Amino acid sequence: MNYNRFFYSGMVLLISLTGLKAQTKLLSETPHSGEVFHYQIQSEVNGKIQIIKDGKKNPSAIQATNNHEFDEIILQEGNEGIRKSARYYRTAKSKSDMGGQLRSRELRKDRSFIVAQKNNSELLTYSPSGPLMRSEVELTAEHFDTLIFCGIMPGKEVAVGNSWKISNNVAQGLCQFEGLIKQDISVTFQEIKEGKAILKISGTASGIDLGAMAKLTVQGIASFDLLKNRLMRLEWQQKDERDQGPASPASEVEVKTIVTRQLLSETPKELDKVALTAIPSEEQPNELLKQLLFKDKQGRYQLLHAREWQLVGQTDTHAILRLLERGDFIAQASLTWWKKYPAGQHIPVEEFKKQIAINPPWDMEEIIEAGEIPSDHGRWIYRIVARGSIDGLKVVQNIYAIAGPKGDHLIVTVTMKSANAVKINTRDLSLVTSIEFKDQ
């Protein structure tokens, strides 16, 4: 036996093992209450949406840019990331072009202070200053999820070249699914570069969002500072295919998001102890802060509604809201601006009944219930509950006439399958009684 060769081979093996051991690093970041981070998040969306109408697909190109800059203080740690935080948004805006229809959204200045918290896997954002609008929920809850941001880390010693799969909870949060079906998103410790661990992310995931199936293909690169033990930067790209749902069109888009974060040495005044006293002390905020504010395009009326109601269409004279419960379509509320009567007067009941009976494609069979609903602020509300059919489908409609003290009128028609009449309970009544007319 050539002992010299055996000896040198052993030395080579020892050197190789030593080299590998040197490349093993602790990739773990544990959030702590009181820590404050500064975030910048930019994303670009490109693709197309397809609205299916009468069995035909109507494609439209979509482009969008989203910009967010905010400070975030950790209030409670969670099992996988952060349970609760407070944010102060310095920028939160979005611009989109959907088939030539331009739209801009921006967070109101008096809603810049936002609380974000996880209720199981569901993310809730609200402002202690008052109800948000739907667009403001989209701006604060639908950018990259910073509460679960560090969940891509393995939380242990890992060698260069090793891979691990992220948990289902983290995948659901990063993909923004209401419900996760399956996922195989993995992270690989690719290399060490300039004191930073470079992590490669890839995989697929499928889930349910707004009652529709969504399939994602994900690629990304993250940078973890080995000296500071902080995840500092992430580039996240996804190809997104979604079926048409009860509150959203079918779509095929590509999204590119860049997240940068920095640990702040001092707490900004907008998130200091005085500012935090505005946050409700209870585990959950009151129902008013959870509700959303809807405003008529012409500024003639506004109302508050539960978040389960999704706005799916709005014109100068109509607005359509759909009630979803865990992705299931429960009911639709159509709000129609009606002709004005003299101050202090309202539509005669018999005329109201006549109008709802001759409203195609609604074929009314019988009125089940009719009568006034107690109201305040000089409003008059009359409700008719009727049974009938629309295009052969058996439905129940709760139809409301709402009159303001100055003669303004709004007709609200809530349509549902007969089986859903019990599920809706009083949620349509809560929506109607919250209506306020301009200068009411």
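So here's what we get for this one:
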{"quantity": "Residue match in the stretch 308-320 (condition: surrounded by fewer than 19 Cβ atoms within 10 Å (Cβ to Cβ), out of contact with any Pro (no Cβ under 9 Å at 6 or more places or on another chain) and touching a residue at least 24 places away in the same chain (Cβ under 8 Å))", "calculated": "yes"}
{"quantity": "Flag if residue 135 is part of a helix (DSSP H, G or I) and either under 30 Å from residue 110 (Cα atoms) or modelled with pLDDT of 95 or more (or both)", "calculated": "yes"}
{"quantity": "Residue 267, sole failed condition from (1) in a loop (DSSP other than H, G, I, E, B); (2) crowded, with 16+ Cβ neighbours inside 10 Å; (3) hydroxyl-bearing (Ser, Thr, Tyr); (4) outside the structural domain of residue 135 (by TED's automatic domain parsing)", "calculated": "(4)"}
{"quantity": "Residue 343 being out of contact with any Ser or Thr (no Cβ under 6 Å at 6 or more places or on another chain), touching a residue at least 24 places away in the same chain (Cβ under 8 Å) and assigned to a strand (DSSP E or B)", "calculated": "no"}
{"quantity": "Matching option when the condition is over 30 Å from residue 60 (Cβ atoms) and either surrounded by 18 or more Cβ atoms within 10 Å (Cβ to Cβ) or touching an Asp or Glu at 6+ places or on another chain (Cβ under 9 Å) (or both), among 105, 90", "calculated": "90"}
{"quantity": "Filter pass, residue 12 being modelled with pLDDT of 75 or more and not basic (Lys, Arg)", "calculated": "no"}
{"quantity": "Selected residue (criterion: surrounded by the most Cβ atoms within 10 Å (Cβ to Cβ)) from residues of the stretch 356-412 that are under 18 Å from residue 435 (Cα atoms) and polar (S, T, N, Q)", "calculated": "398"}
{"quantity": "Pick from the stretch 274-319, criterion under 19 Å from the mean Cα position of the chain (by Cα) and in a loop (DSSP other than H, G, I, E, B), ranking: farthest from residue 336 (Cα to Cα)", "calculated": "284"}
{"quantity": "Cβ-Cβ under 6 Å pairs, at least 6 apart or on other chains, the stretch 228-252 side in contact (Cβ under 8 Å) with a residue 12 or more places away in the chain, far side among the aromatic types (Phe, Trp, Tyr)", "calculated": "231/224; 246/329"}
{"quantity": "Hits in the stretch 333-345 (condition: surrounded by 11 or more Cβ atoms within 10 Å (Cβ to Cβ) and within 39 Å of the chain's Cα centre (by Cα))", "calculated": "333, 334, 335, 336, 337, 338, 340"}
{"quantity": "Which listed residue is within 30 Å of residue 34 (Cα to Cα) and at pLDDT below 95, from 262, 244, 291, 284", "calculated": "284"}
{"quantity": "Matching residues, the stretch 178-205, being under 21 Å from residue 143 (Cα atoms), out of contact with any helix residue (DSSP H, G or I) (no Cβ under 8 Å at 6 or more places or on another chain) and crowded, with 17+ Cβ neighbours inside 10 Å", "calculated": "178, 203"}
{"quantity": "Search result, residues across the stretch 109-132 that are basic (Lys, Arg) and either assigned to a strand (DSSP E or B) or surrounded by 15 or more Cβ atoms within 10 Å (Cβ to Cβ) (or both)", "calculated": "111, 118"}
{"quantity": "Test: residue in the stretch 322-338 that is in a loop (DSSP other than H, G, I, E, B), of a type in the set (Lys, Arg), outside the structural domain of residue 179 (by TED's automatic domain parsing) and over 26 Å from residue 245 (Cα atoms)", "calculated": "no"}
{"quantity": "Which listed residue, of 387, 383, is within 24 Å of residue 305 (Cα to Cα) and of a type in the set (Lys, Arg)", "calculated": "383"}
{"quantity": "Residues located in the stretch 418-440, provided they are of a type in the set (D, E, K, R) and more than 13 Å from residue 385 (Cα to Cα)", "calculated": "423, 427, 436, 438, 439"}
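The values are calculated or read from the model by the stated rules, or taken from the named source; none is laboratory data. Everything quoted here is computed from the prediction, not taken from an experiment. As a convention, Cβ positions derive from the backbone with ideal geometry for all residues, glycine included, and neighbour counts pool all protein chains shown.
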